[in-house]
Amino acid sequence: MLKKVTPLLLVAAITACSTPLDRRQANGDDDFVNAETTPLLTIPQGLNTPTYSKEYDIPAVGNKVNKQLVGKNLDIRAPLQVLPMAEGTHIEESNDNIRVVIESIESTTDLNQEIFDVINGYLAKNNIAVRSEDMAAGFIETDWIENDEIIESNWWSSDKVYQLRQRYRYQVEVKSHGRSGSVAIDLIEHQEFYDDKDQKILLNGEDKRRYTTDMLNNAIAYMSIKRDQAIRAARIEQSLGIKVDLVTNASESAYWLADASYKSVWDRLRLVLPEMGFDVVDMDNSKGLFYINLEESGGFWSSLWSEEKLSLKKGNYRLLLKETEDANQTKILLRDVEDKPLPDESITEVYNIISDLMQEDRKIR
């Protein structure tokens, strides 16, 4: 095949690059493999043996070392390491494989769904097709991933291309409690072609480990980006003010109605209550309860908010959150230490303060 060239080109250049196989070997010859050990000096009788430096002594070879890995058989490439870069991840290493342990960073998030979404998102971003997937069984298997590298480029004929084709399988496991899980990866098919000729490469354990480590790192790096985005979005959401209305009617005691989810209201009250002068003694998220104490009554509040003293006396109180039929609304009830409703007048007085603090936008940290 004749390639199209510009008329200004007077010299046809031929470029040759090293193949992936060449890059794993040291440059130059490997005559050192046949090097012989030089014996120590023979010291005549009556003379002292000189002191020899041990700085360049080569350690003895252990029993588990593969003695065939010398010369061209030795892979000189730097080893790869799994990097748990995403928030809430760490490494769990065994003799069989490496697993990235992933902790849930948001209690409302389905960890299994998050991991599958991350892996699928990474594959889609890199145009890698999925051959099979089963969330219940906990695996995602890719289709062929092809990487072509031009080794020799010739103006007058076809390029010589080195092609690498691989398929991977991600194995996902999430604990029954849903707060932690892990991801491992296996290289299930591998092919290498040079100039359309199958190189019939048989990978050893270290070769497979390099490929799977690189692939796993890429997926975890993608998770790092997604988790950082989610954390940032959550901080922005938490910084936004929450509108609170006072609800009074004849059928029940007065209460406050917040236009936000249960979790958002709970998180905001943890900030607001101390600012109002309440000491949070204890809390129970599962019951929606804040156990609070007011050390200062009228004097503190009147100096801070108004000229009038509030009727709310110092002492212990209970603040109760209740979910409503609307997931974006939450009831807030202020009660005394015996869990009895306070007078509507007290609820109204405190509302004038709590509504301003709840609706105030906060700076993002």
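The smallest convex shape that holds all Cα atoms of region 146-201, its convex hull, gives 86 Å³ per residue. Distance check, please: which entries in Lys67/Lys208; Lys160/Lys200; Lys226/Lys287; Lys226/Lys263; Lys67/Lys160 exceed 23 angstrom between their Cα atoms? Pairs exceeding the cut-off: Lys226/Lys287; Lys67/Lys160.
In terms of distances greater than 30 angstrom between alpha carbons, the cross-link table entries Lys243/Lys313; Lys125/Lys322; Lys64/Lys125 yield Lys125/Lys322; Lys64/Lys125. As a test question: what accessible area, to the nearest 10 Å², does Met85 have when a 1.4 Å probe is rolled over all protein chains in place? The accessible area comes out at roughly 100 Å². Overall, the accessible surface of region 86-145 at a probe of 1.4 angstrom is composed of carbon and sulfur to the extent of 40 percent.
What per residue convex hull volume, in Å³, do the alpha-carbon atoms of region 166-226 yield?
104
Of the residues Trp155, Gln166, Ala136, the one whose Cα sits farthest towards the positive end of the charge dipole of region 118-185 is Ala136 (charges of +1 on Lys and Arg Cβ, -1 on Asp and Glu Cβ, taken about the Cα centre). Each residue of region 128-142 was assigned a 3J(HN,Hα) from its phi angle through the Karplus curve 6.51 cos²θ - 1.76 cosθ + 1.60 (θ = phi - 60°); the sequence is 9, 6, 9, 7, 8, 8, 8, 5, 5, 7, x, 8, 10, 10, 7 Hz, with glycine and proline shown as x.
Can you give the local net charge around Leu320? Use residues other than it whose beta-carbon is closer than 11 angstrom to its beta-carbon, Lys and Arg +1, Asp and Glu -1. Once all neighbours under 11 Å are counted, the net charge is +3. Within the full protein context, the accessible area of Ser176 is estimated at about 130 Å² for a probe radius of 1.4 Å.
Computed with a 1.4 Å probe on the full set of protein chains, the accessible area for Ile43 sits at about 50 Å².
Scanning residues 5 or more positions from Glu360 or on other chains, those with amide H under 5 Å from its amide H are Ile242, with H placed 1.01 Å from N in the peptide plane. For the set Glu93, Glu36, Glu192, Glu275, the ranking by accessible area, highest first and with no ligand, DNA or RNA atoms included, is Glu36, Glu93, Glu275, Glu192 under a 1.4 Å probe.
Here the dipole of region 203-286 is about 540 debye; that uses its Cα centre as origin and unit charges on the Cβ of Lys and Arg (positive) and Asp and Glu (negative).
The values are calculated or read from the model by the stated rules, or taken from the named source; none is laboratory data. Since the model is a prediction, treat every value here as computed from it, not as a measurement. As a convention, Cβ positions derive from the backbone with ideal geometry for all residues, glycine included, and neighbour counts pool all protein chains shown. In case anyone asks, the SASA skips ligands and DNA or RNA and just uses the protein heavy atoms, side chains included. Shrake-Rupley method; radii C 1.70, N 1.55, O 1.52, S 1.80 Å.
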